[in-house]
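*Asks:* Shown below is the structure under consideration.
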Amino acid sequence: MADIKYVKMYNFYNYFGDDNIYEFHNGMNVIIADNNGGKSKLYNAFLLVISNEVIDSDSRKKKSLVSKIDKFKVISDRAKKEAEQNDVLITGVELAFETETYIFTFNKTFVSKKLNQKSPYNLENWNIGDLKTNIKRKNKRSRTTQAIDIADEQEKLDSLLPFQLRQYCMFQGEEVVNLVDSGLTNAINKLTDLRKFRYFENFLLDIYNKFDKKLRNEEKSSATNQHEANRLENSIEHIEENIKLAKFDLSERNEQLINVKESIDKLSRLINEATKQSNVYKEYGKVSERLSKIASDIEDFEKNYNQSFFSNKWILKGFSEYAKKFDLLRSEYEDDLARQRIQEFKTLLPQDSPDIPSLKKMLEEEICLVCGRKAPENSEAYMHISKLKDEHEMGKKSKRHSPIKLFCDSLYREISNIPLEKGIDESIKMKADKLKMLRKLNSELSDEKNELSNKLITNKEENEKILNDYQTKVDQKGILKKTIDNIEKNLAIMNADLRSKKKQLSNLSKNDLALKPLKNSVQILEDLLEIFKKTRKRFYVEEAVKFEESINNIYKSLTMGNETNPGNVKISVDSTYNFSANLINSEGGSLSGQGAAFQRMKQLAIVMGLMNKSRRSASFPLIADAPISEMGEILTQNFFYNIPNVFIQSIIFIKDFYGVDGDLNVIGKNIINNPSLNIRAFLNTAIGKEQHERKTEIKLIHTEQNGEQL
Amino acid sequence: MNSEIWNRIKQKKFRVLASYKEDMKDNFANFGKRSQKYSSFGPFYELYMYCFTIGFHSNKRVSLKSIKTDTFNSVFEWRNDHQIILKNFVTILICKEDIRNEIGFDFFSLEKLNINEINKIIDRLTNVFEEFANGGFEMLYNAYKKNPEAFYDFRSLFSFFNSIVKN
C-alpha cells in the first residue's frame, strides 16, 4: 500500500522556479492542461524519479540524464535566460510517497552554473554537474528520518510501483498499445502461474528421454540381428539429432516470428502515426497558406487604408449639410434667372434674336441693325452687341444655358450625391470591424498553426523509412511462416520415421518379456507427456476465457451508453501458447476496423483487467499521461467512473477538459464536480509566448474535501 | 457634361508651399514606392485634398502671396472620382457666404460678366481652395514635426482627420 504525496519540480523544463508543486490526495487526481501546459513534463518528472530517464522531446526516446546536452535540455529556458554570470541553478524533481509505516522522499537534481555573460542558450556557456539522488525515509510513528543508501533505490521504489507491474501503472496514452498487443503474453505469464507449465513439461520430457534411451539400449543388446540393430540405432540417433536441431531451429524461427510480429505491430502504429502526420502536414500546409493569405490581406488592408478617404468618401465627412445649402443658393440663382428672363421678354427682342450672323455684321459695320443707331468700336453699344454675340455663341454650344448655369448645375449634380454622415460613419465602422475580423482570423490561424507544428514530430523521410521497414518486415514474416511450416512438416516426418525405426528396433529384440516393464514405463511416460501437453493447452484456454470474461466486464463499463455497438474483446491462444486480444462482433467476426476510441477502450480494459489479475492493484497508484483523448463525452465519463474500481490513487493528465477560454469545458466541469469521484483537480496555464519566457502555472481548482470547484 | 468653367478649373495646377511639398511628399504620399514608414496616401493630390479638409474644418488658411510655391499634377490628370470630390470641395467653398463676399462670387451677377471676368473670379475661388489646403499642410506638418512616431500607425492620418472633423 503506497500513495504519492507530492511531486515538486525545480526549473524542470517549463516548470520555471522552485515553487512548482502538485500535492496529491489518496484518490483521483486530475491535471488539466492544454498543449504545452506541462503534462508531458510532469510525466517526465515521474519518469526521472522512477527510472532515471526522461523522454527527449526531439527524438521521443527515453534518455538517461547522463550527457551534458540531455541535462541542458531539461533546464527551464526562462531560468537560463534570467541567469547572470556565476549564477547557480538547481534543476530536478522531488517526489514523496507514503506507505503504512514510512514516508519516502526521492530527490533527483543536478546543479548548473552560468560561466559567462554570453548566450544562455549555448551549452558551452554552462557548467553542468551530475544528477544526484538523495533518498530519505521518515518513520511515521517515531518521526525519525534516515538517509537510504542509493543501492536500495529500486527496492524502495518497488514498494510504490513494483518493477514487473510498473508499465501497467505508469504510461503515456500511446504506450498502452504496446502493453496490451505484443506484450499481452508476457503480461499474462508474469501475472499467472502458467509459466510453470513449461518447467514441468521439460522435466517430464527429460525423464521420458532417459527411459526411452535405456529401453533402446536393452533392445539393441538383445537383438537377433546385431548389425541391423546397430544400423537402426545409428539411424535413430541421427534422426533424434536432426529433430533436436529442427526443434532448436523452430524455436529460433518462432522467436524471430514473434519479434517480426512485434515490429510489424509497432510499425503499423507508426504508420498510423505517419498517416496522421501526413494529414497533419497537409493541414499544416493548408493553414500556412491561409495564414499567409490573411497576412497579405492585412498588409493590403493597412497599405490601402487611406484609400477609403476617397473610395468610401470619408474625406467628405462633416460636409453633408452643404448639399442643402447649395440647393438654396441654386434656387435663389434660378429664381433670379427666371425673373430676368421675364424682364428680358418684356423689354427686349425675342430670345436668340438677332441671330449670330446679324450680330457679327453689326459689329463689323459698327451699327445696330435693330434700332439703326451707330455703335462705334469700344462704345457701350458696341460692347452690348459683342456680349450678345458671346452669349449666343455660348448658348448655342450649351443649348440655351449660360456657362454659369452649366457650372452651377454640374456642381449641384455632384453635391446632391454627397453621402450622409451616418453612411460615412457606418463605412468607418465596417472598416474597423473588418480589421478586427482579419486580426482575429490571423490570431486563430497562428494558434492553429502552432498547435499543428507541435504535432509534427517526425519528418517525411522518417515516414518513408517506416513504410519501407514495414514492407520489409511483412516480407520477412511471410518467409518465416513458410520456413516454420516446412520445419514443422519435416519434424512430423522425422518423428514418424523415428517411431518407425524404434518399432523396427523393438521387433529385432528376442527377449520381449524381460523388456516389458521398461516398455510399459516408456509408454506411460509418453502418455503422460501427451496428457500434460493437452492439459497445458486447456489451462491456457481456460485462462484466456477467464481473462476474457473479466476484461469484457470492464470493456462493457467503459463503452456503456455508446450508440455504436462496441463488440466484445476476444482473447485467443495459439499453438505456441501466445495470447492475443481482438475486438469481435456478436457473430464472432473481426471488428479490426473499429474506431480508435474502441481500440483504446479495449487496451485500457486489458490494462485494468491485468491489474485486477495481479490482485494487488489497489495498493499501487496509476500515473497516466493522456490515457484518453478525443473520445467523446460518454467514453470519457466511463473511463473516469471505472478508474477508482481498479486504482485507489490515480494521477491522470488530460487535455480534453481544457476549454477555449482557459477554463474547464462542460464535460470537464461535469466530471470534476461529480462528488462521487472525489477528484482533486489542477488546471495548468502556460504563461509567456516565447519559449524563453515560458512558465507553467499550477492552479488547484477543485479539492476532494469540499467537493466544489474553487 | 462639364461646363467651360469647370474645364478651366481642371486645367489648374494647384500650388503648395515648396517646403511642405519637399518635406511631406516622401512621407505621406507613397505613389510608386514599395514600402512606407508613415501612414500615407497614393498620389500627392490625395494628400493635397486631405490637407484641404484639415484646413477647411479648422478654418486655417495660408496666403501664398510672396512665398515660394511648387505645383503638381493638374486636376485634369487626377482620377475621375477624385475630380468629383474636388467639385464637391468647390461647391462647399461657394456655399460659404464669407467666401462668396470675399471673392465677389454670385451666380446671378456672374451672368452679367464676360468670360474673362468670370475666369478671374474662378481663379480667386481656387486661390481660396489652395489657401485652405496649405493651411491644412501647415497643421499636419507641425503635428508631424512635433511627434513623427505618431504617424507610424496606418490609421494615424485618419485619427488626425477625425479629431479635427469632430471638433
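What follows draws every value from the coordinates through simple rules; no lab data is involved. Bear in mind the structure is a predicted one, so any value in this text is a computation, not a measurement. So basically every Cβ, Gly included, is an ideal-geometry build from the backbone, and we count neighbours across all protein chains shown.
*Asks:* Could you work out the mean count of beta carbons from other protein chains within 10 Å of each residue's beta carbon in B:106-115?
*Replies:* Across the residues of B:106-115, the mean count of other-chain Cβ atoms within 10 Å is 6.
*Asks:* What's the exposure ranking of A:Ser308, B:Ser163, going from fewest to most Cβ atoms within 10 Å?
*Replies:* Result, fewest neighbours first: B:Ser163, A:Ser308.
*Asks:* Let me ask another. Enter the mean number of other protein chain beta carbons within 10 Å of the beta carbon of each residue in A:406-418, as an integer.
*Replies:* 6
*Asks:* With axes computed from alpha carbons, what is the tilt in degrees of helix B:156-166 against the longest principal axis of chain B, rounded to the nearest 10 within 0 to 90?
*Replies:* 50
*Asks:* Assuming a ≥ b ≥ c are the square roots of the Cα gyration tensor eigenvalues, decide whether region A:124-182 counts as rounded (a/c under 1.5), prolate (otherwise, with a/b larger than b/c) or oblate.
*Replies:* Verdict is oblate for region A:124-182.
*Asks:* For the residue pair A:Asp87 and A:Ser586, what label-to-label distance in nm results when each label sits 7 Å from Cα along the Cα-to-beta-carbon direction?
*Replies:* Those two pseudo-labels are separated by 6.7 nm.
*Asks:* Quick check on chain B: helices-only [θ] at 222 nm, where DSSP H runs of length 4 and up contribute -39,500 (n - 2.57) each and the sum goes over total residues. Nearest 500, please.
*Replies:* Counting only the DSSP helices, I get -19500 deg cm²/dmol.
*Asks:* A follow-up question, please. Put +1 on the Cβ of each Lys and Arg and -1 on the Cβ of each Asp and Glu in region B:4-158; which of B:Asn119, B:Ile103, B:Phe52 then has its Cα farthest toward the positive end of the dipole?
*Replies:* Of the listed residues, the answer is B:Phe52.
*Asks:* Kindly provide the helix-only [θ] at 222 nm of chain A, computed as the sum of -39,500 (n - 2.57) over DSSP H runs of four or more divided by all residues, to the nearest 500 deg cm²/dmol?
*Replies:* -19000 deg cm²/dmol
*Asks:* While we're looking at this one, here's another question. Cut-off 13 Å, label point 7 angstrom out along Cα-to-Cβ of B:Asn59: give me the residues of region B:118-146 whose amide nitrogen falls inside.
*Replies:* none
*Asks:* Right, next: Calculate how steeply helix B:80-95 sits against the longest principal axis of the alpha-carbon atoms of chain B, using the helix alpha-carbon long axis, and give the answer as 0 to 90 degrees to the nearest 10.
*Replies:* Result, in degrees: 60.
*Asks:* Fewest to most neighbouring Cβ within 10 Å: what's the order for A:Val49, A:Val260?
*Replies:* The order, fewest Cβ neighbours first, is A:Val260, A:Val49.
*Asks:* Report the full-extension gain for the segment A:Asp19 to A:Lys510: residue separation times 0.36 nm, less the Cα-Cα distance, to one decimal in nm.
*Replies:* Taking 0.36 nm per residue and subtracting the Cα distance, the gain is 167.6 nm.
*Asks:* Got a sec to turn the phi values of region A:85-102 into Karplus ³J(HN,Hα) couplings, 6.51 cos²θ - 1.76 cosθ + 1.60 with θ = phi - 60°, whole Hz, x for Gly and Pro?
*Replies:* 4, 6, 5, 10, 10, 10, 10, x, 9, 10, 10, 10, 9, 10, 10, 4, 9, 10
*Asks:* How would you order A:377-386, A:14-23 from highest to lowest mean count of nearby Cβ atoms within 10 Å?
*Replies:* Going by the mean number of other Cβ atoms within 10 Å, highest first, we get A:14-23, A:377-386.
*Asks:* Just to be sure I understand: of the beta bridges DSSP finds with both ends in chain A, what percent are antiparallel, rounded to 5?
*Replies:* Within chain A, antiparallel bridges account for around 80 percent of the total.
*Asks:* Next question. Assuming R0 = 45 Å, what is the FRET efficiency of A:Asn139 and A:Thr192, from their Cβ-Cβ distance, to the nearest 0.05?
*Replies:* Using R0 = 45 Å, I get an efficiency of 0.80.
*Asks:* What is the dipole size for region A:656-695, taken about its Cα centre, with +1 at each Lys and Arg Cβ and -1 at each Asp and Glu Cβ, in debye to the nearest 20?
*Replies:* Dipole magnitude for region A:656-695 comes out near 140 debye.
*Asks:* Need one number: the % of Cα-Cα pairs in region B:4-158 sitting beyond the 23 Å mark.
*Replies:* Details: 4565 of 11935 pairs.
Value for region B:4-158: 38 percent of Cα pairs lie more than 23 Å apart.
*Asks:* Give the residues of region B:91-107 whose amide nitrogen is closer than 16 Å to a point set 7 Å from the Cα of A:Leu328 in the direction of its Cβ.
*Replies:* B:92-101, B:107, by backbone N distance to the label point.
*Asks:* Based only on Cα atoms, what mean projected area does the convex hull of the protein assembly as shown have, in nm²?
*Replies:* Mean shadow area of the hull around the Cα atoms is 64.8 nm².
*Asks:* Residue separation times 0.36 nm, minus the C-alpha to C-alpha distance between A:Lys132 and A:Met560: what's the value?
*Replies:* 149.3 nm
*Asks:* Under a Cβ-only charge scheme (Lys and Arg +1, Asp and Glu -1), can you give me the dipole magnitude of chain A about the Cα centre, in debye to the nearest 20?
*Replies:* Working: 112 positive and 106 negative charges, 350 e Å.
Dipole of chain A, to the nearest 20 debye: 1680 debye.
*Asks:* Hey, got the dipole for region A:1-153? About the Cα centre, +1 on K and R Cβ, -1 on D and E Cβ, debye to the nearest 20?
*Replies:* In debye, rounded to 20, region A:1-153 gives about 120.
*Asks:* Counting only other chains, and only Cβ atoms inside 10 Å, what mean value do you get across the residues of A:315-328?
*Replies:* Average neighbour count from other chains, rounded to a whole number: 5.
*Asks:* With each pseudo-label sitting 7 Å past Cα toward Cβ, what's the A:Asn417-A:Met430 distance in nm, one decimal?
*Replies:* Those two pseudo-labels are separated by 1.7 nm.
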